[in-house]
Amino acid sequence: MPIKKMWGGRFEKEGDELVDEFGASISFDQQMAMEDITGSLAHVKMLKATKILSASDADQIIAGLKELAQELQEHGLPFNVENEDIHMNIEALLTQKIGPVAGKLHTGRSRNDQVATDFHLYIKERLPKIIKAIKWLQSALVNLAKDNVKTIMPGYTHMQHAQPISYGHYLMAYFQMFQRDVERFEFNKKHTDLSPLGAAALAGTTFPIDRQMTADLLGFQQPYANSLDAVSDRDFALEFLSNSSILMVHLSRLCEEIIYWCSYEFGYIELSDAYSTGSSIMPQKKNPDMAELIRGKGGRVFASLIGLLTTMKGLPLAYNKDMQEDKEGVFDAVKTILPSLTVMTGMIKTVKVNKEKMAHATHHDFSNATELADYLATKGVPFRKAHEIVGELVLKGLKSGRDLADIPLAEFKQINPEIDEDVYEVLKPAVAVQRRNSFGGTGFDQVEKQIEAAEKILNNN
Ligand code: ARG
């Protein structure tokens with residue numbers, strides 16, 4: 001016998017099984033079961049306080065919902081597809097438990113404000129966890145940076161050696177990127193911290209409900225100001241997916257470099273065995289699978305963002321069933337970004353840095369060419385001219401296998417008589433790094449300052 005639909009009054013025929021299955025969301029929205037019960041508890045407490053429901057009716061409902069919450073925690077609840085979604089499943093279970101009085105719970109409320117409330121609660125609960133996970137990664141980066149302020153490595157542009165930099169400086173760039181992620185997720189809280197409950201289907205309700213009270217009970221800052229907006233808005237979810245996507249961009253860029261850098265050609269770092277895998281055929285292999293996987297997982301998060309943007313685009317106000325498609329991408333993003341952050345943090349914490357190999361890569365690579373051009377400029381040679389002179393020296397050097405530091409002083413003096421012995425000091429990669437002391441530059445003092453400021457940020461919250 002098919003279950004009679006809660007909204008079945010105006011229908012003459014039973015629904016098709018396939019249609020039930022197709023329209024149902026219980027397979028995934030059961031992840032919001034606790035949020036749904038929490039939302040209902042706040043709603044019924046308000047119905048009691050405003051005397052819309054009698055105390056005895058409300059108390060029965062409250063007791064039933066609390067039992068359901070406990071059962072959910074202990075062993076889960078038996079949901080079914082005939083009851084379509086989490087809201088009607090919970091109500092059906094409540095009815096089984098306390099009888100027809102359960103039907104009074106839905107007074108002054110609709111599934112439209114109910115689902116929006118659940119979804120807000122779901123994201124609101126996860127935001128602090130995500131922020132915390134990003135901060136752990138930031139701490140790992142800062143700690144590694146502290147050990148590597150004076151570790152010299154090639155800085156790249158176009159993946160070509162550009163200028164030597166401090167590895168600590170490089171790591172602190174990622175700290176900054178993740179700090180912006182933190183700030184974006186912090187801001188995400190603002191638009192998530194609104195209660196749609198009591199907007200009802202779309203237009204509010206004739207019952208004298210107290211929306212501020214339910215907002216307070218649920219820990220929301222305030223109710224949505226407009227009932228149409230309350231049930232139609234999914235910006236908070238779009239912002240969440242957009243922030244998650246940008247976070248995945250950052251993680252995947254870091255992964256890309258990790259993957260390159262632990263290759264034989266670079267050899268700058270070695271990943272811990274715990275974060276690497278072997279090959280089933282090639283015994284010598286140690287693969288950076290985890291970094292590749294995080295890099296790869298960007299795709300699904302971006303897909304969820306594009307998916308929801310596309311679903312929401314052009315939707316008329318207010319609720320449309322299209323919006324049932326809003327949840328799975330968000331759930332998946334949560335399940336993707338949290339472990340990605342944790343694995344990345346573990347990878348950074350356990351990485352072995354091959355400082356010699358990094359430093360060695362800045363020798364014989366002409367990445368001190370800018371130093372020489374700058375040096376000439378300080379001796380009065382216009383920078384453009386200096387650039388050209390050094391460019392020619394590099395070309396000669398490349399052909400003859402001679403570094404800039406191998407050029408004898410007499411030869412330098414032919415270029416400009418003011419060039420002195422101190423030019424050789426300037427050409428050393430470590431000196432080049434140390435001297436880039438402009439604000440935010442790679443100079444050691446600047447990197448120390450960045451680390452100090454970062455620690456302050458991390459300790460402040
Ligand atoms: N399962 C629905 C969703 O996820 C709940 C809201 C349904 N509202 C309605 N009027 N059909 O969007």
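Details
- Residue-level analysis places residue 77 outside the set of residues that are in contact with a helix residue (DSSP H, G or I) (Cβ under 9 Å, 6 or more places away or on another chain) and in a helix (DSSP H, G or I).
- Counting the residues of the range 142-175 that are free of Cβ contacts under 8 Å to residues at least 60 places away in the same chain and either on the phi < 0 side of the Ramachandran plot or buried (at least 16 other Cβ atoms within 10 Å of the Cβ) (or both) gives 6.
- Of all residues in the range 55-74, those that are at negative phi have Cβ atoms under 6 Å from Cβ atoms of residues that are buried (at least 20 other Cβ atoms within 10 Å of the Cβ) and not hydrophobic (A, V, I, L, M, F, W, C), 6 or more apart or on another chain, in 65/40.
- Whichever residue in the range 196-229 is among the aliphatic types (A, V, I, L, M), more than 16 Å from the ligand (Cβ to nearest atom) and part of a helix (DSSP H, G or I) and, among such residues, is nearest to residue 318 (Cα to Cα): 215
- Those residues of the range 358-380 which are part of a helix (DSSP H, G or I) and hydroxyl-bearing (Ser, Thr, Tyr), in sequence order: 370, 375, 378
- Scanning the range 48-74 for residues that are closer than 17 Å to residue 102 by Cα and not in a helix (DSSP H, G or I) yields 51, 52, 53, 54.
- In the range 107-130, the residues that are without any contact (Cβ under 8 Å) to a residue 40 or more places away in the chain form Cβ pairs under 6 Å with partners that are of a type outside the set (Ser, Thr, Tyr) and within 8 Å of the ligand (Cβ to nearest atom), at six or more places apart or across chains, as follows: 111/87.
- The set of residues from the range 19-33 being away from the ligand (no atom under 12 Å from the Cβ) and without any contact (Cβ under 8 Å) to a residue 60 or more places away in the chain comprises 19, 22, 33.
- Screening 135, 190 for residues that are assigned to a helix (DSSP H, G or I) and closer than 30 Å to residue 107 by Cα leaves exactly one candidate, 190.
- Residues that are farther than 17 Å from residue 57 by Cα and among the hydrophobic types (A, V, I, L, M, F, W, C), drawn from the range 85-105: 86, 88, 90
- Failed item, numbered, when residue 292 is tested on (1) surrounded by fewer than 17 Cβ atoms within 10 Å (Cβ to Cβ); (2) more than 21 Å from residue 335 (Cα to Cα); (3) not hydroxyl-bearing (Ser, Thr, Tyr): (2)
- Residue match in the range 335-357 (condition: in contact (Cβ under 8 Å) with a residue 12 or more places away in the chain, more than 16 Å from the ligand (Cβ to nearest atom), assigned to a helix (DSSP H, G or I) and over 21 Å from residue 136 (Cα atoms)): yes
- Condition check for residue 411: part of a helix (DSSP H, G or I), more than 23 Å from residue 156 (Cβ to Cβ) and either modelled with pLDDT of 95 or more or over 46 Å from the mean Cα position of the chain (by Cα) (or both): yes
- Residue pairs whose Cβ atoms lie under 8 Å apart, sitting 6 or more positions apart in sequence or on different chains, and linking a residue in the range 321-332 that is farther than 17 Å from residue 35 by Cβ to a partner that is in a helix (DSSP H, G or I) and near the ligand (Cβ under 10 Å from one of its atoms), are 321/23.
The rows are residues; the columns are (1) closer than 30 Å to residue 266 by Cβ; (2) under 26 Å from the mean Cα position of the chain (by Cα).
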site: 156; (1), (2): yes, yes
site: 168; (1), (2): yes, yes
site: 186; (1), (2): no, yes
site: 213; (1), (2): no, no
site: 220; (1), (2): no, yes
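- Residues of the range 321-331 that are surrounded by fewer than 20 Cβ atoms within 10 Å (Cβ to Cβ) and either near the ligand (Cβ under 9 Å from one of its atoms) or within 25 Å of residue 179 (Cβ to Cβ) (or both): 321, 322, 324, 325.
- Selected residue (only one of 405, 432 is assigned to a helix (DSSP H, G or I) and surrounded by fewer than 19 Cβ atoms within 10 Å (Cβ to Cβ)): 405
- Some residue of the range 222-242 being closer than 27 Å to residue 172 by Cβ, loosely packed, with under 15 Cβ neighbours inside 10 Å and within 26 Å of the chain's Cα centre (by Cα): no
- Scan the range 435-461 for residues that are assigned to a loop (DSSP other than H, G, I, E, B) and either small (Gly, Ala, Ser) or crowded, with 16+ Cβ neighbours inside 10 Å (or both) and the total you get is 6.
- Condition check for residue 266: away from the ligand (no atom under 16 Å from the Cβ) and either farther than 23 Å from residue 130 by Cα or free of Cβ contacts under 8 Å to residues at least 60 places away in the same chain (or both): yes
- Filtered residues of the range 69-104 (kept if more than 16 Å from the ligand (Cβ to nearest atom), of a type in the set (Asp, Glu) and surrounded by 14 or more Cβ atoms within 10 Å (Cβ to Cβ)): 71
- Some residue of the range 28-44 being over 27 Å from residue 208 (Cα atoms), outside any helix (DSSP H, G or I) and of a type in the set (Phe, Trp, Tyr): no
- Of all residues in the range 307-319 being surrounded by 13 or more Cβ atoms within 10 Å (Cβ to Cβ) and without any contact (Cβ under 8 Å) to a residue 24 or more places away in the chain, the one that is farthest from the ligand (Cβ to nearest atom): 307
The values are calculated or read from the model by the stated rules, or taken from the named source; none is laboratory data. Note that the structure is predicted; figures quoted are calculated from it, not measured. So basically every Cβ, Gly included, is an ideal-geometry build from the backbone, and we count neighbours across all protein chains shown.
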